[in-house]
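Here's the structure we're looking at; comments come further down.
Just so it is clear, none of the values below were taken in a lab; they were calculated from the coordinates. Treat the numbers as computed from the prediction; the structure is a model and nothing was measured. Because the Cβ atoms are built from the backbone with ideal geometry, glycine has one as well, and the counts that use them run over all protein chains shown.
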């Protein structure tokens with residue numbers, strides 16, 4: 001009997017449960033600037049925060065780092081609010097915001113500890129990046145920077161090598177599947193120049209020796225309220241990615257950048273991504289900015305795949321049943337033939353192959369063990385598929 005079908009069952013089960021390349025999306029959103037005149041940096045990060053929440057990433061999977069509370073600043077003409085547009089149509093602060101690191105908690109050390117999970121047991125879950133090897137992560141940073149550095153609160157800075165080594169530790173510790181790194185600051189593209197870990201797509205607002213510019217100011221607030229690079233990213237996300245069913249790709253997003261709009265040369269780095277630029281550009285925007293979607297529990301694709309897998313499994317089990325029946329029939333015939341040739345030793349005695357004796361051979365023992373294993377694998381497959389589809393459909 002060919003056992004390849006049976007031995008392939010664990011691989012079939014693993015492949016089915018790994019149908020989606022990743023199982024969760026996370027966002028790490030970092031503003032690194034204090035002081036009222038940096039209002040736009042806070043608005044930048046809160047705008048991205050609002051967008052990823054709109055597209056389905058829950059607060060439990062968003063790490064929000066805000067070094068200053070612009071909403072409660074005494075200079076704020078609209079107390080308790082933060083706006084990113086002069087028409088003040090949307091309050092980015094509002095009532096539905098969860099800040100995980102606030103004020104002087106926003107430090108280089110805490111940021112690197114967050115990424116690498118080098119924190120103590122006392123650290124609450126809300127302040128931890130609880131990702132694994134099947135998590136996609138959006139890392140967005142904004143503030144003041146220069147050639148291969150980004151300032152944290154005008155007190156310290158993180159360098160391009162520090163960031164690169166943190167991402168490498170994440171990869172070695174299996175803390176991500178893919179990362180989209182975005183940074184809006186002066187000379188932003190230099191911050192991802194030293195990255196060397198796999199499966200990272202990086203983009204920034206400006207090249208070496210270029211500044212990152214604000215888009216517009218609100219005269220009533222008295223300062224600029226958003227940067228150009230972030231503004232046009234948001235414009236694309238709000239107009240082209242209306243919900244999680246959007247098929248817009250990272251390539252579409254990056255192609256929307258232009259010097260005329262951003263006033264600097266936005267950059268993209270593809271070489272670290274497996275498959276290079278072609279594969280990276282095909283990734284959906286919602287693979288990083290939204291929640292995991294597009295699992296059709298009752299859809300034709302999943303239904304057909306499930307039927308094919310169950311049909312293959314049922315055929316394997318049926319073949320094992322047939323083989324077991326054939327071996328049992330052959331053993332019974334052999335037992336009867338041997339019994340007919342033997343003479344009972346006396347009245348009431350039974351020969352070695354009497355009617356109550358059923359020999360167990362090594363061959364049919366193996367067949368029955370394989371049949372049992374196939375049945376267990378079938379039950380496991382059904383349970384795993386049911387759990388996977390039920391969880392994905394929530």
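List of remarks:
- Taking 7 Å steps out from each Cα toward its Cβ at residue 207 and residue 334 produces label points 8.1 nm apart.
- Label point distance in nm, residue 193-residue 156, each placed 7 Å from Cα along Cα→Cβ: 2.4
- Rounded FRET efficiency, nearest 0.05, which uses the C-beta distance separating residue 127 from residue 21 and R0 of 35 Å: 0.80
- Inter-probe distance in nm under a simple model that places probes 7 Å from Cα toward Cβ, at residue 252 and residue 278: 2.1
- Which of 118, 269 has the fewest Cβ neighbours within 10 Å, and the rest in rising order: 118, 269
- Cα gyration tensor, segment 156-229 - rounded (a/c under 1.5), prolate or oblate: prolate
- Prolate/oblate/rounded call for segment 149-284, Cα gyration tensor, a/c under 1.5 rounded: oblate
- Convex hull volume of the Cα atoms of segment 22-289, normalised per residue: 119 Å³.
- Length-normalised contact order for segment 62-123 - Cα pairs under 8 Å, 6+ apart - percent: 35
- As a proxy for reagent exposure, 312, 135 were ordered by neighbouring Cβ count within 10 angstrom, fewest first; the result is 312, 135.
- Difference of contour (0.36 nm per residue) and Cα-Cα distance, residue 235 to residue 77: 54.3 nm
- With neighbour counts taken as other beta-carbon atoms within 10 Å, the residues 263, 41 rank, fewest first, as 263, 41.
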